[in-house]
Amino acid sequence: MTNKEFADLLLPNVEHDWQYYESLYPARNLEKGAMVTRFAPSPTGFVHMGSLYTSFAALQLAHQTHGICYLRIEDTDGKRTVENGIKGIINDFKNLNINFDEGCGFGGNYGPYVQSERKDIYQAYAKKLIEEDLAYPCFCSSEELNDIRNYQEHKKLRIGYYKKYAKCRDLSKEEAVNKIKNGESFIIRFRSQGNFDNKIILHDAIKGDIEMPENDIDDVIIKSDGLPTYHFAHVIDDHLMHTTHVTRGDEWISSYPKHHELFKLLNFEEPVYAHIAPITIKENNTIRKLSKRKDKEAAISYYHKLGIPTEVIRLYLATIENYDFEEWYTNNPTLGINDFKFEFSKMPIGGTLFDIEKLLSISKIYFSRMKNTELYERLLNYTKEYDEEFYNILINNKEYALNVLNIERDIPRPRKDIASLSDVRKEFWYMFNELFDNNNDLYEDVKICDKNIIINYINNIYDINDNEDVWFTKVKEYACNNGYTADKKAFKENPDKYIGMVATFCALLRVIICKKNMSPNIYYLIKYLGKEELIKRTELFYKKINN
Ligand code: GLU
């Protein structure tokens, strides 16, 4: 029996041979230096922080080199597949407005991009290896494999199906054919040519050179269901899809020797590997990977509910991805993330602790740079889903809301007080009369003066047409004529002579307006609220504090 007949017996009904696929998926026509990257999740449900981290790196590097980043679904492990997992992933990406250039749900000429639809392709290449005597059927039952494993454990030997432990490696074709005739089930393993005592080097784009022993394990390439293992599928797919850079989690580093050997046995050019360290979290003094099952911060829906846009998550992840990104972003207010040049060599070698505070501070910068009109639109979308009361107020008072949202915005150093869309109401509720009237917060402590001083100021001094300078000059003059001083030294020497400094007068106005000691510039607050509302709030304030 020839090797070809043997391969046909082992893997019958494979429509095309491997040469067919080589010409079906020709080299990509891209400019020199263009990277082809991919994100290759198992369909285990939804997109989470970890998947965004890896996919952003892949997208960013492909796009900045005018290359391609595609989405491939790795569903050959039935145990890891969940119902609607594929749809869930594609929808999540689309809802987050993250678009791959190609891939499952995105089209392209190098598909199918779902591994379970590529069975014939893998088998065609497995047949190539069988024909070249570089792969063989293995009939070992799980009990036999367990026995081998137990023996190796007991003898403190290296675990695995290699050398003399590779029981089926030396079966003759005739023996194998007999077993098949007897109905014995089998899988296909590759015939390793490696020697564990030799060293190979993984030239990792992120982690640098890593020396490892050469592979000598005859690992499975085709399972009993006819589907490939991750190792085999990875090598075939990244070859046929012409991936130049494999960005994947660093848990795969230890499998590299297998992949390296498979690329060699198949005579494929090996891509560059960039193994990404995970985002981690501290729990009871131990550090573990951020978990999509355990950690609420891993779910993108968590940020969606808070009103933190995907762009912010992307910016935050960029600060982890390249150590100099944050400084660059802070110093370049007019540039966007796509203007930054990412490099593998600037990625962290070890895991990075997830830092929600950092994420929120990035978010504040992000929102501070947004035009009021855009903020308003986003706020409408957000409140429509999460805060109907505020939505109605915003929609019924568009011009007013735009003014409020523009307070200390659109200036060289805008306020950085909003980290999320849900913060807008928390920051500006007092600017909306309905929300103020229904608010039960207590007034924060402040030094008061006679009510008439305030009322008289509003009625007779305040002029809505004054610019900020004139307004403040008048406030100062009025306060100084009514028991306050602008002279710090005089106040220090004789504090009992005055109600307080001019700032004390302004602080009182502020608390009357918003109950708090901190707010944006009160010049704008008064201007937008208007005299009538201010009188009303003054009366309320004195009524409350007298009770
Ligand atoms: N499907 C693999 C996983 O979910 C991805 C590994 C790779 O990107 O090659 O871990």
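Worth a mention:
- Residue list for region 14-34, restricted to those being among the basic types (Lys, Arg) and surrounded by 10 or more Cβ atoms within 10 Å (Cβ to Cβ): ARG28
- Of the residues in region 391-407, at least one is more than 26 Å from the chain's Cα centre (by Cα) and charged (D, E, K, R).
- When the criteria are applied in full, ILE201 fails the requirement of being crowded, with 16+ Cβ neighbours inside 10 Å and hydrophobic (A, V, I, L, M, F, W, C).
- Residue among ASN406, ASN392, ASN397 that alone is polar (S, T, N, Q) and exposed (fewer than 15 other Cβ atoms within 10 Å of the Cβ): ASN392
Per-residue answers, yes or no, for (1) within 13 Å of the ligand (Cβ to nearest atom); (2) in contact with a Phe, Trp or Tyr (Cβ under 8 Å, 6 or more places away or on another chain); (3) closer than 27 Å to SER55 by Cβ; (4) modelled with pLDDT of 95 or more:
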residue	(1), (2), (3), (4)
ILE201	no, no, no, yes
ASP209	no, no, yes, yes
PRO213	no, yes, no, yes
ASP218	no, yes, no, yes
TYR230	yes, no, yes, yes
ASP238	yes, no, yes, yes
ARG248	yes, yes, yes, yes
GLU251	yes, no, yes, yes
LEU265	no, yes, no, yes
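- As a summary of the residue check, GLN60 satisfies the conditions (1) of a type in the set (S, T, N, Q); (2) under 25 Å from TYR303 (Cα atoms); (3) open to solvent by 20 Å² or more (accessible area, probe 1.4 Å) except for the one numbered (3).
- Only residues that are within 9 Å of the ligand (Cβ to nearest atom) and without any contact (Cβ under 8 Å) to a residue 60 or more places away in the chain were counted in region 28-42, giving 2.
- Any hit, region 80-97, residues being aromatic (Phe, Trp, Tyr), at negative phi and either touching a strand residue (DSSP E or B) at 6+ places or on another chain (Cβ under 6 Å) or modelled with pLDDT of 95 or more (or both): no
- Hits in region 265-292 - residues which are without any contact (Cβ under 8 Å) to a residue 12 or more places away in the chain and open to solvent by 100 Å² or more (accessible area, probe 1.4 Å): ASN267, ASN284, ASN285
- Which listed residue, of LYS358, LYS346, is within 23 Å of SER291 (Cα to Cα), among the basic types (Lys, Arg), touching a residue at least 24 places away in the same chain (Cβ under 8 Å) and in contact with an Asp or Glu (Cβ under 9 Å, 6 or more places away or on another chain): LYS358
- Hits in region 51-61 (condition: of a type outside the set (Ser, Thr, Tyr), touching a residue at least 60 places away in the same chain (Cβ under 8 Å) and more than 12 Å from the ligand (Cβ to nearest atom)): LEU52, PHE56, GLN60, LEU61
- For SER116: the one exception among (1) open to solvent by 30 Å² or more (accessible area, probe 1.4 Å); (2) away from the ligand (no atom under 16 Å from the Cβ): (2)
- Screening PHE190 on (1) aromatic (Phe, Trp, Tyr); (2) surrounded by fewer than 22 Cβ atoms within 10 Å (Cβ to Cβ); (3) away from the ligand (no atom under 16 Å from the Cβ) shows it passes everything except condition (2).
- Failed item in (1) touching a helix residue (DSSP H, G or I) at 6+ places or on another chain (Cβ under 6 Å); (2) over 22 Å from HIS63 (Cβ atoms), with ILE349 passing the rest: (1)
- For region 344-351, the criterion of a residue being of a type in the set (D, E, K, R) and more than 14 Å from the chain's Cα centre (by Cα) is satisfied by at least one position.
- Condition check for HIS48: away from the ligand (no atom under 16 Å from the Cβ), within 23 Å of VAL312 (Cα to Cα) and either of a type in the set (Val, Ile, Thr) or open to solvent by 20 Å² or more (accessible area, probe 1.4 Å) (or both): no
- Only helices (runs of 4 or more DSSP H) whose full extent lies in region 1-70 are considered here, and the ones with at least 1 residues that are in contact with an Asp or Glu (Cβ under 8 Å, 6 or more places away or on another chain) are 3-10, 49-64.
- In this structure, HIS260 does not satisfy being within 13 Å of the ligand (Cβ to nearest atom), buried (at least 18 other Cβ atoms within 10 Å of the Cβ) and either within 20 Å of LEU71 (Cα to Cα) or in contact (Cβ under 8 Å) with a residue 12 or more places away in the chain (or both).
- Among the residues of region 3-13, the ones that are loosely packed, with under 10 Cβ neighbours inside 10 Å and polar (S, T, N, Q) come to 1 in all.
- Tally of residues being open to solvent by 40 Å² or more (accessible area, probe 1.4 Å) and within 12 Å of the ligand (Cβ to nearest atom) across region 63-88: 3
- The sole residue among ARG158, ARG169 that is open to solvent by 10 Å² or more (accessible area, probe 1.4 Å), within 30 Å of TYR20 (Cβ to Cβ) and not hydrophobic (A, V, I, L, M, F, W, C) is ARG169.
The values are calculated or read from the model by the stated rules, or taken from the named source; none is laboratory data. Owing to the predicted nature of the structure, the values given are computational and were not obtained by experimental measurement. So basically every Cβ, Gly included, is an ideal-geometry build from the backbone, and we count neighbours across all protein chains shown. Keep in mind that these areas ignore ligands, DNA and RNA; they rest on the heavy atoms of the full protein, side chains included. Shrake-Rupley method; radii C 1.70, N 1.55, O 1.52, S 1.80 Å.
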